[in-house]
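Below you'll find the structure, written out as structure tokens, and then a few comments.
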Amino acid sequence: MTLSQTGVMARRNLLHVLSDPQQMIGMSVQPLMFLLLFVYVFGGAISGSTRQYLQFVLPGLIVQGIGFGTTQTALGLNADFQRGLIDRFRSLPMARSAVVAGRVTADIARTAWSSLIIVGAAAVLGFRFHGGLPGALGAAGLVLALGVAMCWVMAFLGVWLRSPESVQAAGFMVIMPLTFASSALVPAASMPGWLQAFVKVNPITIFADAMRGLMLGGPVAIPVLQAVAWIVGLSALFGALTVSWYRRRA
């Protein structure tokens, strides 16, 4: 019963996206903007050539895109509270967890679409997979799993904080430093020693390294195992916190 209710809520959220051209444009254009800006503005300075930097940065940009894209989960849930939709759902004979799970499920589909857009554009610009079909499939699976984890993190912010402004600010303060103080966009070796200590344990670094191993054919086992451990931990912790806080607030 809860599973079918989750599906209904996910469908409702996806239909809302499809009926809003601005959302469709945003989730399609934003990844392309990040790709073009980083590759053609910073590529020559960081790697000496845009093509070489494209090979390095694409896995990190995918991770960054998931982080920034899932802030819509927080904003969407918070908006439902502000508009009184949660009060309406509470009056219906449905599982309360289905509202949150449906939002997360729909936003995983958004994450997959944005990742597909950026990978397709990168392939046109010259990016090439060197990990073979197993690496490509593994990277796709990691993208979906990471999307689940980040959606739950952002869902917690959406139900915990009271206003859209605070949700947006909190999401920015979480994703921005984690993304830029990582190896997602530049090699960790180029950073000061004191910062490298944080970069090495930063989960964004672990996710980016795992994606590079799968997509480019580098080290895979340890980065992927570490990434899976982080994903399971984040999903379990913030999934439980989100559902608990949602039930308290609703």
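We did not get these values from a lab; they are worked out from the coordinates using the rules stated. Source: prediction; values computed, not measured. Ideal geometry is used to build each Cβ from the backbone, glycine not excepted, and the neighbour counts take in all protein chains shown.
Charge tally around residue 57: other residues with Cβ under 15 Å, Lys/Arg +1 each, Asp/Glu -1 each, net +2.
Each residue of the stretch 97-109 was assigned a 3J(HN,Hα) from its phi angle through the Karplus curve 6.51 cos²θ - 1.76 cosθ + 1.60 (θ = phi - 60°); the sequence is 5, 5, 5, 5, 4, x, 4, 4, 4, 5, 6, 5, 5 Hz, with glycine and proline shown as x.
Classify the stretch 1-86: rounded, prolate or oblate, from the alpha-carbon gyration tensor (a ≥ b ≥ c, eigenvalue square roots; a/c under 1.5 rounded; otherwise prolate if a/b is larger than b/c)? It comes out prolate by the Cα gyration axes. Model label points for residue 8 and residue 29, set 7 angstrom from Cα along the Cα-to-Cβ axis, are 3.6 nm apart. Prolate is the label for the stretch 48-172, because the ratio a/c of its alpha-carbon gyration tensor axes (a ≥ b ≥ c) is 1.5 or higher and a/b is greater than b/c. By definition, a body whose alpha carbon gyration tensor gives a ≥ b ≥ c is prolate when a/c is 1.5 or more and a/b is larger than b/c, and the stretch 107-245 fits this prolate description.
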